[in-house]
Structures are given as C-alpha cells and as structure tokens.
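These notes are about the structure you will find just below.
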Number of protein chains: 2
Amino acid sequence: MREVAIIGIGDTRFGELWEHSLRDIGMQAGLNAVSDAGIAGEQIEALYIGNMAAGSLIDQEHLGALVSDYSGLSQLHIPAVRIEAAGASGGMALREGYLAVASGLHDVVMVAGAEKMTDVTDEEIPMVQMAGGDQQWEGIAGATMPSLFAMMARRHMHEYGTTREQLASVPVKNHKNGALNKQAQYQRAITMETVLKSPVVADPLGVFDCAPVSDGAAALILAPADAAGKYAQEAIRIAASAAATDTLALQHRESLTRMDSVKVASTKAYRTAGVNPKDIDVAEIHDSYSIAEIMSIEDLGFFEKGRGGPATLEGMTEINGVVSVNTSGGLKARGDPMGATGVAQAVEIARQLRGKADKRQVTDAEVGLSLNVGGTGGTSVVHIFRRA
Amino acid sequence: MREVAIIGIGDTRFGELWEHSLRDIGMQAGLNAVSDAGIAGEQIEALYIGNMAAGSLIDQEHLGALVSDYSGLSQLHIPAVRIEAAGASGGMALREGYLAVASGLHDVVMVAGAEKMTDVTDEEIPMVQMAGGDQQWEGIAGATMPSLFAMMARRHMHEYGTTREQLASVPVKNHKNGALNKQAQYQRAITMETVLKSPVVADPLGVFDCAPVSDGAAALILAPADAAGKYAQEAIRIAASAAATDTLALQHRESLTRMDSVKVASTKAYRTAGVNPKDIDVAEIHDSYSIAEIMSIEDLGFFEKGRGGPATLEGMTEINGVVSVNTSGGLKARGDPMGATGVAQAVEIARQLRGKADKRQVTDAEVGLSLNVGGTGGTSVVHIFRRA
C-alpha cells in the first residue's frame with residue numbers, strides 16, 4: 001500500500017449551533033478543507049462521512065449521499081458512504097478514507113465528520129449516548145455512559161490511589177487549552193475548585209468531568225504522499241492507522257481500569273509507524289470523561305499504569321510537557337459532536353505539525369497521535385501523523 | 001490491487017423473527033458463513049457490518065463491536081465497523097470489505113448485513129424508511145418512500161406507456177421465485193389478479209408492489225482470489241465493485257424515470273469486469289418497489305429505456321429468461337431487512353454461480369450482478385461476480 005498524506009483541513013466552531021443544520025455544518029467544514037487544500041471540489045473522488053446517530057437525532061440516515069449532494073458534487077456521482085463506530089465514527093471514517101487512497105483505488109478523498117446533537121431534548125441524549133454501549137446488558141439495567149465511566153473511575157481510585165484532584169486536573173488542563181482555540185465550544189479557563197464543587201453526575205464524576213453535548217463538523221482532504229507536493233499546504237503524513245474492538249459491555253471485561261482496545265490499536269500503530277510512545281510530541285485523546293483521558297494516557301504507554309492521574313496533576317500533559325495532550329481543548333472544552341470528534345482530532349494534529357496552532361503551538365512538534373474511542377472502549381482507533 | 005473471492009456464505013431466513021434479536025441473527029448468519037467456508041472464527045481479521053437504522057429501530061449503534069463481541073471474537077480485538085448508505089448499506093459494506101482485502105491490508109474478512117425492523121410499531125417504519133430520502137426537502141412535506149416511487153412509476157407510465165399489468169408482473173415473478181427459496185420471507189406464488197386488486201399504498205402502487213418489513217441477516221467471507229483454492233467451497237470471484245451517488249431528493253434530479261446512480265455505478269462495474277450487460281446470466285436487483293426493478297433493468301442496460309415493463313411481462317427476466325432477475329425472490333418475496341439486503345444479494349449470486357440454487361438454479365450461470373440501492377437512488381452499489 002502507498003503512503004497517504006493530509007493535504008487539507010477544515011472545521012466549524014463546535015458548540016450549540018442553533019442556526020445551522022447538519023447539512024450546513026457538514027458542507028461548511030468540507031468547503032473549508034477544499035479551500036485549505038487549494039483544490040477544486042471536482043477533484044474529490046470519494047467521500048467518507050463519520051456520524052454516530054443522525055438517524056436517532058434528526059431522522060436522517062444516508063449521510064454519504066447527503067453530504068455529496070449539499071457540497072454540490074451530486075453531478076459527479078462519486079461514491080460516498082457513512083461510517084459508524086459510536087464515538088469513534090470519525091476516526092473510523094478516516095481509517096476507511098485512508099485505505100481508499102493507500103490501496104490505489106482513489107487519489108483524492110474527503111473524510112468528514114459531523115453531528116447535530118442539539119435538535120433533541122436533553123432527556124433524549126443519554127439514550128443516544130448509550131447506543132454506543134450495550135443496550136441489552138447495560139442500557140436495559142439503567143446504566144448511562146457517565147455511570148459506566150464513574151465505575152471505571154472508582155475502581156481506578158481503588159486500585160491505584162487516583163484522587164479526585166487528579167481527575168479534576170484533566171478538565172482544568174483542557175479548558176486552559178480550549179481558551180487558546182477559537183474553534184472550541186468553551187474558550188475559558190476553569191479552576192480546580194470549580195470542578196470539585198460542580199454538581200455530581202455519577203460519583204465521583206461531576207459536570208466538569210464530562211464532555212458536553214455539541215454540534216460541529218470537521219473535514220480532511222487525503223492524497224497519496226508522493227503527490228502531496230503539488231498541493232497548497234505542507235502535507236502531513238499518516239504514518240499509521242489502526243483500529244481494535246473489545247466487548248461492548250463493560251461487565252464482560254477482565255478489568256475496569258484499562259481499555260484493551262486502546263492498547264491493541266496503539267501497539268499496532270506504533271509498530272507500523274516505527275515509533276514508540278516517547279516519540280509522540282502531541283496527542284489528541286478521547287477525554288469523553290476525565291477518567292478516560294487518565295486511563296488512555298496509561299494504555300497508550302505515555303505513563304505507567306496508575307501514573308496517569310499524578311502525571312496530569314503534575315502538568316506532564318500540558319502544552320510542552322512530557323507529551324502535549326489535548327491541545328485543542330479535547331472533547332471537554334473543544335466540544336464532542338460525536339461523529340465529528342475523530343476527524344477534529346486529526347485536524348488539530350495537522351495544525352500542530354504544520355506549526356499553525358497559534359498560542360497553543362507545541363514547540364518543534366514532529367510526531368502526533370490521535371485516539372478516538374467508541375462507548376467505553378468497544379472500539380478504539382489510533383492514527384499516528386508525521387511532518388512529511 | 002489484488003483479486004478478491006467469496007469463500008463462504010451464510011444467511012438466516014428472512015421474515016418476522018419475533019423470537020430473535022439483532023445480535024442473534026447477525027451472529028447466526030456469521031456462524032453459517034464461517035462454517036460454509038470451513039475456517040475457524042479466529043481466522044477472521046476484520047468485520048464490516050451493513051446496517052441502516054439500528055439506532056432508530058432498537059436504540060443500538062456501534063454494531064461493529066457488537067457483532068464482533070457476540071460472535072465470540074472480542075478477545076481477538078479485531079477492527080470492526082458499521083457501514084451505512086440507507087438501503088444500500090449491505091452493498092457498501094461488501095465494497096469496503098472488498099477493498100480491505102484487495103488492498104492487501106487483510107486476508108480474511110467477514111462482511112455481514114443485519115436489520116431488525118419488527119421491534120417498532122408499523123407507524124414508525126415510514127419515518128425510518130424516509131431517513132434514506134431527504135428529510136429536509138421530502139420528509140418534511142409529508143413524502144414517504146412509496147409515494148416517491150409512485151411518482152416515478154406514474155411518470156414512467158406517462159413517458160413510456162408502461163402499464164399497471166407490467167408493474168404487477170414484477171411481484172408475480174418474484175413471488176414465483178421466492179416460492180423456490182427456503183430462506184425467503186414469502187414462499188408462495190401470487191397471481192396478477194392478487195396484485196391488481198391489492199389495497200393501494202400510493203397510486204399506482206399497491207401493497208404487492210412494495211417490499212415488506214423484515215428481520216434478517218446475511219454474511220460473506222472474503223479472501224484473496226489466489227488463496228481461494230485452500231478453502232472448502234468453490235470460490236466466487238468479485239470481478240468488480242462500484243458505487244455512485246445522486247441527489248438525495250428526487251425533486252433535484254433531471255428525470256424521474258431513470259436512476260443515474262445505477263447507470264454510473266454499473267457502467268464503471270462493466271468496464272472493470274470487462275463484460276457488458278448481455279453477459280450477465282443472473283442478477284439480484286433492488287426491487288424495493290415494482291417500478292424500481294423496471295427502471296433498474298433499463299438503467300443497467302439489460303433492456304432499452306422504456307422496455308423494462310414489456311420485457312418483464314413477456315417473461316424475459318424469469319429464471320432462464322434473457323437474464324434471470326431476482327431468483328431469490330428479490331426484496332419483495334425474499335424480504336428486505338434493509339442493511340442485510342445488499343449482502344443477501346451477493347449470497348444468492350454466489351449460490352447461483354456455485355450451481356447450488358436448488359429448484360431456482362439458472363442453467364450454466366457464469367456471470368452474476370447485484371444492484372443495491374439506497375433511498376430513491378441517492379446511492380447505488382453494483383458488484384459483478386464470476387465463477388473463479
């Protein structure tokens with residue numbers, strides 16, 4: 001298979017976008033990516049759309065054809081398809097788009113992720129989120145996503161002595177980063193005290209330990225790495241694309257304090273890219289809940305098991321720390337429009353590796369990683385990126 | 001890219017499977033395919049799951065991880081993903097699975113399609129079906145899928161003189177074929193009179209012009225063609241895989257009487273496979289509505305535009321006619337569990353090309369085609385198959 005590069009990136013601001021529909025924001029992110037790449041829309045040969053739940057949220061499936069249509073490409077009749085893997089839909093869409101170029105089937109492919117979550121009532125959101133867990137074993141018993149992650153957090157505290165303050169240091173850091181990102185849903189810093197005093201969602205997790213409900217879209221243009229020189233922007237090489245699954249239900253796993261799909265996918269990705277965890281300069285991690293970031297930076301091999309909490313509290317994952325984690329603000333502060341998240345992670349890494357991340361720029365960032373997770377780790381997708 | 005073959009097939013009976021959940025039937029079809037291929041489940045390297053609307057129908061997304069888990073593969077942590085393109089989800093899943101093998105990324109891949117439609121009330125089904133159309137331009141105005149196809153039928157009658165009897169000859173033929181298929185939802189022949197006297201759904205289409213609401217699953221095992229000899233069954237080569245899109249809304253198209261996505265996808269597929277329409281011995285066509293089969297056999301080039309109706313009434317698409325169309329019974333009689341349909345089409349073609357289609361066997365079938373359509377033609381996926 002041939003090497004693949006990102007030649008264009010685009011996104012919308014994430015947030016409660018009351019005046020924009022799913023098709024508006026999908027189209028806007030796509031147009032931004034086309035413009036960034038300096039190509040004509042007609043050069044796009046195929047579309048891969050990451051989306052988790054538009055059927056439930058806005059009664060609309062068939063988003064491949066929809067995005068092609070509303071991007072003005074319907075006369076070209078290009079192949080377009082929606083990819084779904086719960087919260088990892090965007091990362092999986094990138095993986096399928098990557099494969100379409102790596103295989104030689106297509107030369108220029110657009111990968112987009114989009115989700116419109118605010119068109120339903122707040123009461124409907126927990127059921128939509130639980131569609132990424134196991135409804136027959138978990139949802140039916142009343143479990144919600146925050147309650148499942150709360151169990152993981154409580155067990156992590158029991159086994160490794162992780163503290164409430166260590167958990168809280170994740171959203172504090174991510175809001176600090178989000179304050180530097182004009183596309184983030186929340187662009188303000190918060191204090192440790194704010195997190196600790198926030199209303200409890202599922203003990204020990206409070207409101208500020210949980211990513212918000214968001215609308216948003218992001219898009220990438222991919223091309224063969226050996227042709228990347230002819231496009232407008234510095235190309236970012238996709239050095240590895242790996243995915244792994246686990247049991248859908250948390251209760252069927254050996255341990256509550258690790259996500260094996262993260263370990264398997266990242267181990268594969270490191271091998272393919274020929275790097276190891278300490279080579280990663282900047283990483284976008286799936287902090288759907290504060291405990292998820294702590295477990296992930298352990299399972300990715302950035303820190304030893306049990307050291308994720310202390311490392312975060314000590315500032316090792318801040319910008320220009322040991323590894324710069326969630327410079328975008330992460331799911332917590334940038335926002336988490338589910339199917340868009342995995343694509344937005346790649347957009348942020350590309351910005352960092354281009355050296356165009358403004359005030360949140362990581363110094364001399366050469367190697368980046370994204371981790372996109374579905375449910376409680378039923379699916380994980382890891383990509384590794386390099387300056388070409 | 002390397003050549004790909006089908007080395008195993010499996011399905012469940014289609015119908016109202018009250019006693020089985022989505023995970024039951026997905027697993028059963030998968031196990032049947034594994035058994036047919038004579039492989040161990042552990043040899044499967046990746047899963048591609050075609051499903052249209054489990055989020056809306058059973059509040060469950062994340063079907064890649066779910067099927068991997070309930071097939072007993074969770075300990076292998078293999079990549080698994082759901083593919084969605086409305087009614088063409090199964091065909092698109094086959095296309096992505098094909099690409100995973102053709103590219104060299106994987107050697108043995110399972111493609112499965114599954115849908116469980118009978119867990120919701122009859123009142124909810126039209127909205128779920130319309131999620132494959134354009135909700136913002138069509139659904140919001142009260143359009144349903146049958147009403148859109150009825151408009152296509154009425155215009156086809158106006159432009160080409162297609163008659164009510166010609167439309168009715170589609171379900172008459174397909175029920176005749178379904179009566180020979182033990183996996184079909186409806187295994188009984190019907191008369192022309194039954195179709196003509198059936199209650200009107202959307203004039204000119206009656207109940208018998210519309211595919212039913214179904215539960216069901218189907219699965220395929222794919223492997224590189226050059227390794228196919230080491231498996232249990234006669235391998236069936238995938239000679240072409242092509243997909244195309246069109247506007248999501250019918251009203252934005254130039255013509256109501258053709259589906260351009262069918263023309264574009266099939267033209268590409270014929271070129272790739274090095275065949276032309278008259279080389280096709282057996283075809284599974286997306287007869288979601290009787291008019292859809294008539295338009296499709298024209299747009300596929302089997303008959304001139306406007307000749308689809310007379311050709312069907314004259315028996316040219318019966319088993320061992322000019323081209324044998326929907327020998328399985330098609331969507332009308334075999335059933336249409338949306339995401340399963342495209343995979344079930346490939347299962348039927350493989351049975352025919354293996355010479356194992358029992359009483360509905362097409363004599364000396366060498367080249368087969370499947371056409372899987374999403375919505376009113378927003379997506380079309382065409383595969384061409386050959387005896388290896």
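The values are calculated or read from the model by the stated rules, or taken from the named source; none is laboratory data. Since we're looking at a predicted model, the values are computed, not measured. Backbone-built Cβ (ideal geometry, glycine too); neighbour counts: all protein chains shown.
When you check A:Lys230 against the structure, is it among the basic types (Lys, Arg) and under 30 Å from A:Gln136 (Cβ atoms), yes or no? No: the conditions fail for A:Lys230.
Could you count how many residues in region A:209-242 are in contact with a Lys or Arg (Cβ under 6 Å, 6 or more places away or on another chain) and at pLDDT 95 or above?
Filtering region A:209-242 for residues in contact with a Lys or Arg (Cβ under 6 Å, 6 or more places away or on another chain) gives A:211, A:215, A:224-225, A:234, A:237, A:239, A:241-242.
Subsequent filtering for residues that are at pLDDT 95 or above retains A:211, A:215, A:224-225, A:237, A:239, A:241-242.
Residues meeting the conditions: 8.
Taken across region A:131-142, residues that are within 14 Å of chain B (Cβ to nearest Cβ), over 30 Å from A:Arg307 (Cβ atoms), touching a residue at least 12 places away in the same chain (Cβ under 8 Å) and among the hydrophobic types (A, V, I, L, M, F, W, C) do occur, with at least one present. Could you please find all residues in region A:25-58 being surrounded by 17 or more Cβ atoms within 10 Å (Cβ to Cβ) and without any contact (Cβ under 8 Å) to a residue 40 or more places away in the chain? Answer for region A:25-58, where residues must be surrounded by 17 or more Cβ atoms within 10 Å (Cβ to Cβ) and without any contact (Cβ under 8 Å) to a residue 40 or more places away in the chain: just A:Gly55.
Being buried (at least 24 other Cβ atoms within 10 Å of the Cβ) and at positive phi is the requirement here; does A:Gly335 meet it? Even if it seems obvious, please write down each step before you answer.
Details: buried (at least 24 other Cβ atoms within 10 Å of the Cβ): yes; at positive phi: yes.
In short, yes.
For region B:19-36, the condition of being in contact with a Phe, Trp or Tyr (Cβ under 9 Å, 6 or more places away or on another chain), of a type in the set (A, V, I, L, M, F, W, C) and closer than 19 Å to B:Leu222 by Cβ holds for at least one residue. Which members of region A:59-82 meet the condition of being more than 7 Å from chain B (Cβ to nearest Cβ) and under 22 Å from B:Ile125 (Cβ atoms)? Answer for region A:59-82, where residues must be more than 7 Å from chain B (Cβ to nearest Cβ) and under 22 Å from B:Ile125 (Cβ atoms): just A:Leu63. In region B:99-109, is there at least one residue being closer than 23 Å to B:Gly216 by Cα and of a type in the set (S, T, N, Q)? No, region B:99-109 contains no residue that is closer than 23 Å to B:Gly216 by Cα and of a type in the set (S, T, N, Q). Condition (residue is in contact with a Lys or Arg (Cβ under 7 Å, 6 or more places away or on another chain), acidic (Asp, Glu) and surrounded by fewer than 19 Cβ atoms within 10 Å (Cβ to Cβ)) applied to region A:3-22: is it met by at least one residue? Taking every residue of region A:3-22 in turn, at least one turns out to be in contact with a Lys or Arg (Cβ under 7 Å, 6 or more places away or on another chain), acidic (Asp, Glu) and surrounded by fewer than 19 Cβ atoms within 10 Å (Cβ to Cβ).
Does region A:154-164 include one or more residues that are of a type outside the set (Phe, Trp, Tyr), in the same structural domain as A:Gly378 (by TED's automatic domain parsing) and buried (at least 20 other Cβ atoms within 10 Å of the Cβ)? It would help to see each step written out before you state the result.
Applying the first criterion (of a type outside the set (Phe, Trp, Tyr)) to region A:154-164 yields A:154-159, A:161-164.
Within this subset, residues satisfying the condition of being in the same structural domain as A:Gly378 (by TED's automatic domain parsing) are A:154-159, A:161-164.
Still in the running and buried (at least 20 other Cβ atoms within 10 Å of the Cβ): A:156, A:162.
Within region A:154-164, one or more residues are of a type outside the set (Phe, Trp, Tyr), in the same structural domain as A:Gly378 (by TED's automatic domain parsing) and buried (at least 20 other Cβ atoms within 10 Å of the Cβ).
Collect the residues in region A:238-272 that are within 8 Å of chain B (Cβ to nearest Cβ) and in contact with a Leu (Cβ under 7 Å, 6 or more places away or on another chain), keeping them in residue-number order. Once the filter is applied, which keeps residues that are within 8 Å of chain B (Cβ to nearest Cβ) and in contact with a Leu (Cβ under 7 Å, 6 or more places away or on another chain), region A:238-272 yields only A:Leu248.
Cβ-Cβ distances below 7 Å connect the following pairs, each with a first residue in region A:176-201 that is free of Cβ contacts under 8 Å to residues at least 24 places away in the same chain and charged (D, E, K, R), a second residue that is buried (at least 19 other Cβ atoms within 10 Å of the Cβ) and assigned to a helix (DSSP H, G or I), and a separation of six or more residues or different chains: A:Arg188/A:His175.
In the condition set (1) touching a Leu at 6+ places or on another chain (Cβ under 6 Å); (2) without any contact (Cβ under 8 Å) to a residue 12 or more places away in the chain; (3) more than 12 Å from chain B (Cβ to nearest Cβ), A:Glu19 is compliant with all but (1). Would you confirm, using the coordinates I've provided, whether B:Ala340 is surrounded by 24 or more Cβ atoms within 10 Å (Cβ to Cβ) and not in a helix (DSSP H, G or I)? Taking the combined requirement at face value, the residue does not satisfy it. Apart from one condition, A:Ile384 fits all of (1) within 20 Å of A:Ser241 (Cα to Cα); (2) surrounded by fewer than 24 Cβ atoms within 10 Å (Cβ to Cβ); the exception is (2).
Looking at the structure I just gave you, is B:Ala37 farther than 27 Å from A:Val128 by Cβ and more than 8 Å from chain A (Cβ to nearest Cβ)? Here the answer is yes, as B:Ala37 does meet what is asked.
Of the set (1) surrounded by fewer than 22 Cβ atoms within 10 Å (Cβ to Cβ); (2) basic (Lys, Arg); (3) not assigned by TED's automatic domain parsing to the domain that holds B:Ala40, all apply to B:Lys173 but (1). In region B:362-381, the qualifying residues are those that are in a strand (DSSP E or B) and of a type in the set (A, V, I, L, M), and the one that is surrounded by the fewest Cβ atoms within 10 Å (Cβ to Cβ) is B:Val367.
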